[in-house]
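See below for the structure under consideration.
Every number here is computed from the coordinates shown, using simple stated rules; none is lab data. For clarity, every value in this text was computed on a predicted model and none was experimentally measured. Ideal geometry is used to build each Cβ from the backbone, glycine not excepted, and the neighbour counts take in all protein chains shown.
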Amino acid sequence: MSTAADDVREANRGMFSSRRVFILAAIGSAVGLGNIWRFPYVAYENGGGAFMLPYLVALFTAGIPFLFLEYALGHKYRGSAPLSFARLSRGTEGLGWWQVGVCFMIAVYYAVVIAWALSYAFFSFGRTWGDDPDAYFFGDYLQAGDPGVSLDFVPGIILPLLAVWGALIVVMALGVQKGVGRTSVIFIPVLLLAFVALVIQALTLTGASAGLDALFAPNWSALGDPAVWAAAYGQIFFSLSIGFGIMITYSSYVKRRTDMTGSAMVVGLSNSGFEILAGIGVFAALGFMAQASGVAVGEVATSGIGLAFVAFPAIVNEAPAGALLGFLFFFSLVLAGFTSLVSVLEVVISAVRDKFETSRLRATLVVTIPCAIISLVGFSTTSGIYVLDIVDHFINRFGILLVAVVSMLVVAWVVRGLPQLRDHLNRDGSVPVRGWWIVLMSVITPVVLGYVLITELLAVLDETYGDYPGWMVLVFGWLAALLVLVAGFLLARIPWRPDTPVHGQEREEA
Ligand code: PFF
């Protein structure tokens, strides 16, 4: 039963004005750098066209069902990640804070990449990177020195990074609907337009079809390789923004009596649609590049930072109307990344607000200012790129995936909460959720993800990550991942305010 007091409390927390705004915000979170610079190469490397099979299996058996789980948690218990978990069962609150910790870490470095992309959107017009984009990016732009920790600041990074944080603070301070919601309502359609324009332009380049052949040519034997299946599950989880509390937080801002399963289908399918579109755009451009330099597509195919800041500028240098191509690409990265960044910050701000009952503005400043300072001090120096690479690698694996597996197991086996979440979803959901969902969430998906995680763990233990000095990997990798875990469980020990109902509160709608 919801009471008038609940309604007032909810209105104070913030609400999306409609289901459409929620869906756009969720798509804004899901569609990020992962779609544009990660998916195309993961697909190419793991069987090309044949990768679609494990990818779709992972989407329908793990991604969308796990979206259901997070939507049900947030929507039923109507709180940030820690509050929703606490309401599910008091002892599980630490899981929510662990997610908050992961989000804090992600925000700190993700903002840096958006800042680089912002610079590069402008650089596209004058091809500021010159004839050797590799040397320009690492040398002139980042001024990367030896791996280690330096306090030599790079002014060229500080400025765009300040701009990114400034914009973030404004958006976050404006609140759930006016800030988060409205940003997505504007950015997502613009992103789609910009990206479709980019894909059309890329498809007109000579050699584009060779790129698409390389991407889509199926290598069926890949399907027998467990690593390919692991890659598909990893991509789906990262790409849908599940496992780090974002979807719990966003769904807590959705009006009661809303179709959450239908919303999850829309979000899941839109995200994958965008991913495939990105694959087409990126590989068409890579095909052009390969032809222009007389090499096979495999020689130029890459992902991540190398794709965006080295390969793409090289393509821009060669392509007709390259400046436009470059601008559309970097502008898309900024838009897609910004809405994802907003979503991770919202997880932290929402948790702080719920726990300490502070105003929106206060919580925003308390969260974003330290985040911005760490981001500036840690990553706008000549050693920033190395720290970023290590933190990213470890947080992705031992933050997101680990917390996803643990929370699934806890909800399914310790709290035995799946049946009540299923009932909640079925009240207004357009996709009927039955026993298959319980089997997927309690057995099949945790087993598959556990396997992915263990393989990753063994690989990391085996070779030590990258060519970095051991202490750097220890501090920024292992210790950082451990720190968020410990901090999470410590935060969970702080008591809730007396006027925040936690215990045994059934938040079911009237
Ligand atoms: N779904 C996002 C993506 O595909 O890029 C994942 C993500 C990463 C979301 C980092 C938010 C974030 F800050």
Charge dipole (the chain, unit charges on Cβ, about Cα centre) - positive-most of PRO160, ALA62, ALA314: ALA62
For ARG20, net neighbour charge (Lys/Arg +1, Asp/Glu -1) across residues whose Cβ lies under 15 Å away: +2
Kirkwood estimate for segment 357-424, i.e. one over the average of 1/r between Cα atoms, Å: 15.4 Å
Prolate/oblate/rounded label for segment 312-449 (Cα gyration tensor, a/c 1.5): prolate
Nearest 10 degrees, 0 to 90: helix 445-463 Cα axis against the chain principal axis: 50 degrees
Kirkwood Rh (inverse of mean 1/r, distinct Cα pairs), segment 266-387, angstrom: 17.5 Å
Reciprocal of mean inverse Cα separation for segment 69-154 (Kirkwood radius, Å): 16.5 Å
Lys, Arg +1 and Asp, Glu -1 on Cβ, resulting dipole of the chain about Cα centre, debye, nearest 20: 2180 debye
Globularity ratio of segment 35-112, using Cα Rg and 2.2 N^0.38 Å: 1.44
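To two decimal places, what compactness ratio does segment 324-383 give when its Cα radius of gyration is scaled by 2.2 N^0.38 Å?
Rounded to two decimals, the normalised Rg is 1.44.
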Neighbour-count order for LEU328, LEU365, fewest beta carbons within 10 angstrom listed first: LEU365, LEU328
Packing-based order for 55-61, 423-429, using average beta carbon neighbours within 10 Å, highest first: 55-61, 423-429
The chain: angle of helix 226-239 to the longest principal axis, Cα-based, in degrees nearest 10: 70 degrees
The chain - mean residue ellipticity at 222 nm from DSSP helices (-39,500 (n - 2.57) per run, n ≥ 4, rounded to 500): -21000 deg cm²/dmol
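By count of other Cβ within 10 Å, fewest leading, how are PHE195, PHE51 ordered?
Taking fewest neighbouring Cβ atoms as first place, the list is PHE195, PHE51.
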Area projected by the alpha carbon convex hull of segment 141-211, averaged over all directions, nm²: 8.5 nm²
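With a cut-off of 8 Å between alpha carbons and a minimum separation of six or more residues, what is the relative contact order of the chain in percent?
Values: 810 pairs, mean separation 175.3, N = 510.
Over the chain, the number comes to 34 percent.
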Viscosity 1.306 mPa s, temperature 10 °C, Stokes-Einstein D of segment 375-492 from Kirkwood C-alpha radius, µm²/s: 95 µm²/s
Exposure proxy ranking, count of Cβ atoms within 10 Å, fewest first, for LEU345, LEU192: LEU192, LEU345
Tail fraction, Cα-Cα pairs, segment 116-165, threshold 14 Å, whole percent: 56 percent
Calculated P(r) of the chain - Cα pairs past 35 Å, %: 30 percent
Residues of type lysines that LYS255 reaches as a straight line, Cα spacing below 20 Å, ignoring anything fewer than 8 places off in the same chain: LYS76, LYS178
Length-normalised contact order of segment 245-349 in % [C-alpha pairs under 8 Å, at least 6 apart]: 29 percent
Size of electric dipole in segment 126-192: Cβ of Lys, Arg +1 and of Asp, Glu -1, about Cα centre, debye, nearest 20: 680 debye
Radius of gyration, Dmax [segment 258-326; alpha carbons; angstrom]: 16.0, 55
